[in-house]
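Engineer: Structure provided below as structure tokens; questions to follow.
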Amino acid sequence: RMRDRFLPGRCNILAAHCFACGAEVSESDRAAAVGGASQVDPSVFEGFDYVALGHLHRPQTLGGGKLRYSGTPMCTSFAETDVPRSVTIVDTNDMSLKEVPVEPLHVMRTLRGTREKLCEGSSQDYLRLIVTDEFPTAPVQEALRRTYPNALQIDCGMQIAASARTGLTLEEVRADSPLDVAEKFYLNRTGREMDDEMR
């Protein structure tokens with residue numbers, strides 16, 4: 001129906017928030033991959049000169065260059081710290097795209113070490129701290145936050161190792177049915193198999 005309102009000789013641009021088929025998801029976009037039910041076929045965007053897409057965090061171009069995820073200008077998860085940050089500028093005279101890098105004021109990264117080793121450091125970055133030798137109790141967290149005022153997350157390395165043995169990779173999420181994913185998540189969180197009523 002929107003195509004009925006296209007004006008001859010004008011650029012027809014659409015902004016949409018969806019998961020387009022064929023787009024590459026990152027670890028932090030894991031929910032978008034489950035089941036594939038919410039995927040939109042890029043053919044629905046035919047006729048538009050440019051489609052600015054939102055939803056996925058990784059910058060990427062689809063549909064022969066007319067569909068573009070600009071990605072998030074800042075990290076939203078520690079799983080995507082390797083994704084380059086940028087904004088996309090579209091020149092409506094020739095429909096060319098320019099990617100402009102965005103440099104964050106504070107880098108988002110992970111530090112791992114013993115409590116003693118971590119307490120020797122200092123940083124203003126947005127951090128995930130992984131304490132490898134003990135559980136990060138309230139006093140431990142308080143000491144670490146004095147050294148790292150922008151610490152966003154403080155985890156226990158021993159718990160992460162235990163969880164990794166029963167956790168889900170992105171490949172498993174893509175390959176499994178939504179019920180399989182739910183069963184594995186339930187087992188990971190409770191240590192018990194789902195019964196028939198829960199399924």
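Engineer: Looking at (1) part of a loop (DSSP other than H, G, I, E, B); (2) within 15 Å of the chain's Cα centre (by Cα), which is the one condition that is false for residue 48?
Structural biologist: With respect to (1) part of a loop (DSSP other than H, G, I, E, B); (2) within 15 Å of the chain's Cα centre (by Cα), residue 48 is out only on (2).
Engineer: Let me ask something else about it. Just wondering, is there one or more residues in the range 186-193 that are within 30 Å of residue 24 (Cβ to Cβ) and modelled with pLDDT of 90 or more? Step through it out loud before you land on a result.
Structural biologist: Restricting attention to the range 186-193, the residues satisfying the condition of being within 30 Å of residue 24 (Cβ to Cβ) are 186-189.
Then keep just the ones that are modelled with pLDDT of 90 or more; that gives none.
No, the conditions are met nowhere in the range 186-193.
Engineer: Name, by its number, the condition in (1) open to solvent by less than 70 Å² (accessible area, probe 1.4 Å); (2) modelled with pLDDT of 70 or more; (3) within 14 Å of residue 111 (Cβ to Cβ); (4) part of a helix (DSSP H, G or I) that does not hold for residue 154.
Structural biologist: Just one mismatch for residue 154, condition (4).
Engineer: Of everything in the range 1-24 that's open to solvent by 80 Å² or more (accessible area, probe 1.4 Å) and assigned to a loop (DSSP other than H, G, I, E, B), which residue is nearest to residue 62 (Cα to Cα)?
Structural biologist: Step by step, filter the range 1-24, then rank; the result is 24.
Engineer: Could you tell me whether the range 37-46 includes any residue that is open to solvent by less than 30 Å² (accessible area, probe 1.4 Å) and either at negative phi or modelled with pLDDT under 80 (or both)?
Structural biologist: The answer is yes, given that some residue of the range 37-46 is open to solvent by less than 30 Å² (accessible area, probe 1.4 Å) and either at negative phi or modelled with pLDDT under 80 (or both).
The values are calculated or read from the model by the stated rules, or taken from the named source; none is laboratory data. Owing to the predicted nature of the structure, the values given are computational and were not obtained by experimental measurement. Neighbour counts are summed over all protein chains in view; Cβ atoms, including those assigned to glycine, are modelled from backbone coordinates with ideal geometry. Accessible surface areas use protein heavy atoms only, side chains included; no ligands, DNA or RNA. Shrake-Rupley method; radii C 1.70, N 1.55, O 1.52, S 1.80 Å.
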